[in-house]
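Report on the structure given below.
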Amino acid sequence: MQTTTETGKPLIYTLEQLAATANPYRHGAHSPLAAQPLIVADLNTPLTLAIDEQIIFNRWLRQQPCPTIAIGAPEHPLAQAFDVLLTATATAVDRDIERLAANIARTPLAAMVLVQVLRATESMPAAQALLVESLAYATLQTGAEFKRWLATRPAPLSAPDNEQSPLSVQRDDELLTLRIN
């Protein structure tokens, strides 16, 4: 199946087209390692699914290794299964899709990790979710995408030698005060 338009923009699936690809045994069409590292679907297209089919379709969407983006209304029964929901005017949606697609194409592994962390942690207690996020960030820091991003950042400013210490420490009996200068 074609995953991009002739201009290289992501293909926007109708719900019927997307449902036709929603096979739990078919993988690889949309992933950070594929030509199409995201899924974009138009919720304003017709698709009739029974409740049990909606559940299967939602589960399939949540199992995709890439960001899933929907265009439409939040009230749509499938809207909550997508990672991103765009609800603005057609011009704004086109611009948003282009920006999202460009960012995802530039860092597909980071985009995958982001949506996987968000999906996995949405019902976790904050402490556990923070641990998962920390592990994901630490993993990304060793990758080529992070190194490329870091190389584009300006060099950090170094403090002049005559400046006070960045941290002051003061003890008053049992009270220890640390102050960031």
*Go through the range 73-80 residue by residue and turn each phi into a ³J(HN,Hα) via Karplus (6.51, -1.76, 1.60, θ = phi - 60°); whole Hz please, and just put x for glycine and proline.*
8, x, 6, 4, x, 9, 4, 6
*Alpha-carbon Rg/Rh ratio, for the range 1-157, with Rh computed the Kirkwood way*: 0.99
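How much length is gained if the chain between ARG179 and LEU167 is pulled fully straight, taking 0.36 nm per residue apart and subtracting their Cα-Cα distance, in nm to one decimal? Numbers along the way, then the final one.
Working: separation 12, 0.36 × 12 = 4.32 nm, distance 0.57 nm.
So the chain would gain 3.8 nm between ARG179 and LEU167.
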*Could you order peptides 132-142, 79-89 by the average number of other Cβ atoms within 10 Å of their residues, highest first?*
79-89, 132-142
*Nitroxide proxy distance, nm - points 7 Å out along Cα→Cβ at GLU122 and GLN63*: 1.6 nm
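Subtracting the Cα-Cα distance from 0.36 nm times the residue separation, let me have the gained length for ALA105 to GLU75 in nm, one decimal.
Extending this stretch completely gives an extra 7.9 nm.
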*Tell me, how many Å apart are the Cα centres for the range 78-112 and for the range 120-181?*
29 Å
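Is the shape of the range 106-181 rounded, prolate or oblate, going by the alpha carbon gyration tensor and its root eigenvalues a ≥ b ≥ c, with a/c under 1.5 for rounded and a/b larger than b/c for prolate?
In terms of gyration-tensor shape, oblate.
What length, rounded to one decimal in nm, is gained on full extension from LEU11 through to SER134, with 0.36 nm per residue of separation minus their alpha-carbon distance?
Working: separation 123, 0.36 × 123 = 44.28 nm, distance 3.29 nm.
That works out to 41.0 nm of additional length.
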*Accessible area per residue of the chain at 1.4 Å probe, in Å²?*
68 Å²
*asked:* Using a 7 Å offset from the Cα along the Cα-to-Cβ direction at both GLU98 and PHE146, what is the distance between the two label points in nm, to one decimal?
replied: 3.2 nm
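Ranked highest first by the average count of other Cβ atoms within 10 Å around their residues, in what order do 165-172, 37-44, 13-20 fall? List each step's numbers first, then the result.
Details: 165-172: 8.9, 37-44: 21.6, 13-20: 17.1.
With the highest mean Cβ count within 10 Å placed first, the list reads 37-44, 13-20, 165-172.
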*asked:* Please report the accessible area of LYS9 (heavy atoms, 1.4 Å probe, ligands and nucleic acids excluded) in Å², nearest 10.
replied: 90 Å²
*Within the accessible area of the range 23-181 (1.4 Å probe), percent carbon and sulfur*: 59 percent
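Going through the DSSP H helices of the chain, which span 18 Å or more along their own axis at the Cα atoms while scoring at least 0.0 as a mean Kyte-Doolittle hydropathy? Please report the intermediate quantities before stating the final value.
Working: long enough: 90-106 (24 Å, -0.13); 108-121 (20 Å, 1.50); 126-140 (21 Å, 1.24).
Going by DSSP H runs, the hits are 108-121, 126-140.
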*Highest average packing first - 113-120, 46-53, Cβ atoms within 10 Å*: 113-120, 46-53
*If you put +1 on each Lys and Arg Cβ and -1 on each Asp and Glu Cβ, how big is the dipole of the chain around its Cα centre, in Debye rounded to 20?*
520 debye
_THR21-ALA155 FRET efficiency (beta carbon distance; Förster radius 35 Å; 0.05 resolution)_ = 0.15
*Farthest toward positive dipole pole in the range 51-181 [+1 Lys/Arg, -1 Asp/Glu at C-beta], among LEU167, VAL117, LEU140*: LEU140
*In nm, to one decimal, how far is the modelled label at ILE55 from the one at ALA35, with both set 7 Å along Cα→Cβ?*
3.7 nm
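The values are calculated or read from the model by the stated rules, or taken from the named source; none is laboratory data. Everything numeric in this text was worked out from a predicted model, so none of it was measured. Cβ atoms come from the backbone with ideal geometry, glycine included; neighbour counts cover every protein chain shown. Side chains included, ligands, DNA and RNA excluded: accessible areas come from the protein's heavy atoms. Shrake-Rupley method; radii C 1.70, N 1.55, O 1.52, S 1.80 Å.
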